[in-house]
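Asks: Quick one: the structure is below, questions incoming.
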Amino acid sequence: MSTTDEVVEQILRTYDTITVVGASANPSKAANEVPAYMAEHGWRIIPVNPHADEIVGQKVYRTLAEVPEEVGLVDVFRPSEDAAEVARQAVAAGATALWLQLGIASEEARAIADDAGLLYVEDRCLIIEQRRTGLVAPKS
């Protein structure tokens, strides 16, 4: 069984694209700051938000199901009570990893991810973990 730190490093070393559910167009929100920061460090961002057209310079999709390409890592900026539904949508979209941002945790989302064989991290910030590990986006 892997520790959360090992899973974090595996995700950061493996995925060059991050699909961000709940990404925000508001630069003062973490849901904008985190994707922008990760993009600056080499990750490609696919924002998902039903109320925006462009976030961090990228076209926004209304739902995970609308993303027209393979979804690998899904990063979640939604309340904990929404996490299980996002996990179900991530599984349906073919995701292989689910990351719930700092302050977001859900036993049900973890169970859904575990049952589907997804890598899973909760209550961790991508920026903090990227800085801690010093990793940059893998080359695709």
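Asks: Run the numbers on the chain and let me know its relative contact order in percent, using alpha-carbon pairs under 8 Å that are six or more apart.
Replies: Dividing the mean separation by the residue count of the chain yields 27 percent.
Asks: How much length would be gained if the chain were fully extended between Glu54 and Asp82, taking 0.36 nm per residue of separation minus their Cα-Cα distance, in nm to one decimal?
Replies: Numbers: separation 28, 0.36 × 28 = 10.08 nm, distance 2.27 nm.
In short, 7.8 nm is gained.
Asks: Next up: Show me 38-46, 82-90 ranked by packing, highest mean number of other Cβ atoms within 10 Å first.
Replies: Ranked from most to least packed, the peptides come out as 82-90, 38-46.
Asks: Let me ask you something else. Order the peptides 73-80, 127-134, 114-121, 28-35 from the highest to the lowest mean number of other Cβ atoms within 10 Å of their residues.
Replies: Numbers: 73-80: 22.1, 127-134: 14.4, 114-121: 16.8, 28-35: 18.2.
Descending mean neighbour count gives 73-80, 28-35, 114-121, 127-134.
Asks: If each residue of separation counts as 0.36 nm, what is the full-extension length gain between Thr14 and Asp123 once their alpha-carbon separation is subtracted?
Replies: 37.3 nm
Asks: Quick one: give the max-minus-min coordinate of the C-alpha atoms of segment 6-78 along each principal axis, largest first, in Å.
Replies: Extents along the principal axes, in whole Å: 34, 27, 21.
Asks: Turning to a different aspect of this structure: Which ³J(HN,Hα) values, rounded to whole Hz and listed in residue order, are derived for segment 43-60 from phi using the Karplus coefficients 6.51, -1.76 and 1.60 in 6.51 cos²θ - 1.76 cosθ + 1.60 with θ = phi - 60°, glycine and proline given as x?
Replies: Result, rounded to whole Hz: 7, 8, 10, 10, x, 10, 6, x, 10, 9, 9, 9, 9, 6, x, 10, 4, 9.
Asks: On the accessible surface of the chain, probed at 1.4 Å, how many percent belong to carbon and sulfur atoms?
Replies: Here it works out to 47 percent.
Asks: Once you have the alpha carbon radius of gyration of segment 53-114, what is it after dividing by 2.2 N^0.38 Å, with N set to its residue count?
Replies: Its radius of gyration relative to the 2.2 N^0.38 Å reference: 1.10.
Asks: Determine the per residue accessible area of the chain with all protein chains present and a 1.4 angstrom probe, expressed in square angstrom.
Replies: Value returned for the chain: 51 Å² of accessible area per residue.
Asks: Give me the Debye-computed log₁₀ of I(q)/I(0) at q = 0.09, 0.15 Å⁻¹ for the chain, equal point scatterers on Cα only, no solvent, two decimals.
Replies: Log10 of I(q)/I(0), two decimals: -0.22, -0.64.
The values are calculated or read from the model by the stated rules, or taken from the named source; none is laboratory data. Model, not experiment: these values are computed from the prediction. Cβ sites come from the backbone with ideal geometry, for glycine too, and all protein chains shown count toward neighbours. The accessibility values were calculated without ligands, DNA or RNA, using every heavy atom of the protein model including side chains. Shrake-Rupley method; radii C 1.70, N 1.55, O 1.52, S 1.80 Å.
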